[in-house]
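Okay, structure first, notes after.
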2 protein chains.
Amino acid sequence: MKSKLTILKLGGSVITRKDKPLTPNIQVIKRLAEEISRADFHPLIIIHGGGSYGHPVAKKYRIADGFKDGSQIFGFSETHEAMMRLNSLLIRNFLEYGLPAFSISPSSFIMTRKGRIGTLNEEILKTALEFGLIPVLYGDAVLDAEQGFAILSGDQIAAVLAIKLDAERIIMGIDVNGVCDSDPKRNPSARLIEEISLKDFERIMGQIGGSQSLDVTGGMLGKILELKAAVEYGVEALIINALLPDNVYRALKGEDVVGTRIRR
Amino acid sequence: MKSKLTILKLGGSVITRKDKPLTPNIQVIKRLAEEISRADFHPLIIIHGGGSYGHPVAKKYRIADGFKDGSQIFGFSETHEAMMRLNSLLIRNFLEYGLPAFSISPSSFIMTRKGRIGTLNEEILKTALEFGLIPVLYGDAVLDAEQGFAILSGDQIAAVLAIKLDAERIIMGIDVNGVCDSDPKRNPSARLIEEISLKDFERIMGQIGGSQSLDVTGGMLGKILELKAAVEYGVEALIINALLPDNVYRALKGEDVVGTRIRR
């Protein structure tokens, strides 16, 4: 590979309407497809969240709690099916904009243990990248060796793959400008933190505001906790607002963009 | 597991209209979902073919020939996307009829070598079966360690999984009554062979008629060649007409059904 890998995470609240079940934000999806295509960056892996596809059904059946009784089995199937549907919609739009997007289903090759990824065979991802494909993964309902099943967040996948595949950076596209000193959705005077070290993070941990809609995989705090190991490993992590036009394009190109940079 | 595994393969010409691109045979899909649900058989794995979803685009870009030039990359992505779409449609119908169907994407966990499955990690499939889920796989465009990419037929997946998971039987639902002494679609007086041993098969190999529409993965001859290793291993193989109502139900229940039984 000529340059080092970038992993782009697109939050569920960016690509779907979190308030309406199973409703994509088509306009945003098409704009992002165009931006990613225009940036023409390789090698690239895209990972997306569940938003109003995966989360409502996962929550209804308490999939994240693991297997408790047989009634959850359908919920498990349905959660994955909803995510496949969203993924398929993204892939079609990516292909339309000339991106060689290749869907890879997390639950088909990853099992967790107590919700955490243990071993992971990265051979298919590596081969796909070598061919110039853009693997597109997603937060998913996965089988779990300990608790039956689990919700595997796109954030965890991004961080684990970044280490496994020796990525240069993770770009997290979310629905706010980055990490703020209080929840920017509740507090209009919340201030953006443009750069934060892991040490600073631990110091101000109590103050960070999170995404408040329906995110069973944790809000901003959870995101940074997932990113921590990757940042410690040496991966650059940048959190940006993917709802603002050209932010994803600029981030991919390495241009200046408003957001939060997390460093060691 | 209480009883031994059955693998049900549903041919692409059964669940899609092979003459119209990207057109499912919804009526047949719903009927099959109802029959499988009524049979209430566990453990069960379902594998489906591509029909008018996977085959036209795979053929257009010569995916089965392996990687020749960059123009095929899109065809590879598109083939998989088309298969995902068909799979998603099946899963939704299976869930609707009360089947805990769980999609597993072959290209996300299987790489081939010269078109053949080498190693395959069956842990996720085993765990899914233990939970009472019905894994649903499909013929797919997969990455290939030798030739870049390949078309992996549902028939090959069925035979390999049958051995790996020590299945009791493979039921192949196709669009004719079974193996005939000539092509039943061309020759109305073609006679059904109700039972055939692998030895007999080798003797009369030249006479077998194949599915003639658009099957890049090989017709009847290819099917039997794929089944051979599984049958030699001790798996029962039954080829039936899944277009005839109640055939799949009866086969799952172990009742008499018109078709071809392949034995050692």
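The values are calculated or read from the model by the stated rules, or taken from the named source; none is laboratory data. Computed from a prediction, not measured in an experiment: that's the story for all the values here. Methodologically, a virtual Cβ is constructed for each residue, glycine included, from the backbone with ideal geometry; neighbour enumeration extends over all protein chains shown. The accessibility values were calculated without ligands, DNA or RNA, using every heavy atom of the protein model including side chains. Shrake-Rupley method; radii C 1.70, N 1.55, O 1.52, S 1.80 Å.
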For this session: Examine the stretch B:25-40 for a residue that is within 14 Å of chain A (Cβ to nearest Cβ), open to solvent by 10 Å² or more (accessible area, probe 1.4 Å), in contact with a Lys or Arg (Cβ under 8 Å, 6 or more places away or on another chain) and at pLDDT 95 or above, and state whether such a residue exists.
Result: no
For this session: Go through the residues of the stretch A:151-168 one by one and say whether even a single one is more than 9 Å from chain B (Cβ to nearest Cβ), at pLDDT 95 or above, closer than 27 Å to B:VAL136 by Cβ and in contact with a Lys or Arg (Cβ under 6 Å, 6 or more places away or on another chain).
Result: yes
For this session: Scan the stretch A:78-90 residue by residue and report those that are free of Cβ contacts under 8 Å to residues at least 60 places away in the same chain and open to solvent by less than 30 Å² (accessible area, probe 1.4 Å).
Result: A:GLU81, A:MET83, A:MET84, A:ASN87, A:SER88
Problem set entry | Lone unmet requirement of (1) at pLDDT 85 or above; (2) open to solvent by 10 Å² or more (accessible area, probe 1.4 Å); (3) on the phi < 0 side of the Ramachandran plot for A:GLY206 | (1)
Problem set entry | Close pairs (7 angstrom Cβ cut-off, 6 or more residues apart or separate chains): assigned to a helix (DSSP H, G or I) in the stretch A:192-203, hydrophobic (A, V, I, L, M, F, W, C) anywhere | A:LEU198/A:VAL231; A:PHE201/A:ILE224
Problem set entry | Count of the stretch B:28-59 residues which are farther than 17 Å from B:GLY11 by Cβ and among the hydroxyl-bearing types (Ser, Thr, Tyr) | 1
Exercise. Hey, which of the strands (runs of 3 or more DSSP E) in the stretch B:91-187, taking only ones fully inside, have at least 2 residues that are open to solvent by less than 30 Å² (accessible area, probe 1.4 Å) and β-branched (Val, Ile, Thr)?
Worked result: B:134-138, B:169-174
For this session: Filter the stretch B:91-118 for residues that are within 10 Å of chain A (Cβ to nearest Cβ) and either more than 22 Å from B:TYR53 (Cα to Cα) or touching a residue at least 60 places away in the same chain (Cβ under 8 Å) (or both) and give the result.
Result: B:PHE94, B:GLY98, B:LEU99, B:PRO100
Exercise. If you take the residues in the stretch B:56-76 that are open to solvent by less than 20 Å² (accessible area, probe 1.4 Å) and touching a Ser or Thr at 6+ places or on another chain (Cβ under 8 Å), which one is farthest from the other protein chains (Cβ to nearest Cβ)?
Worked result: B:ALA58
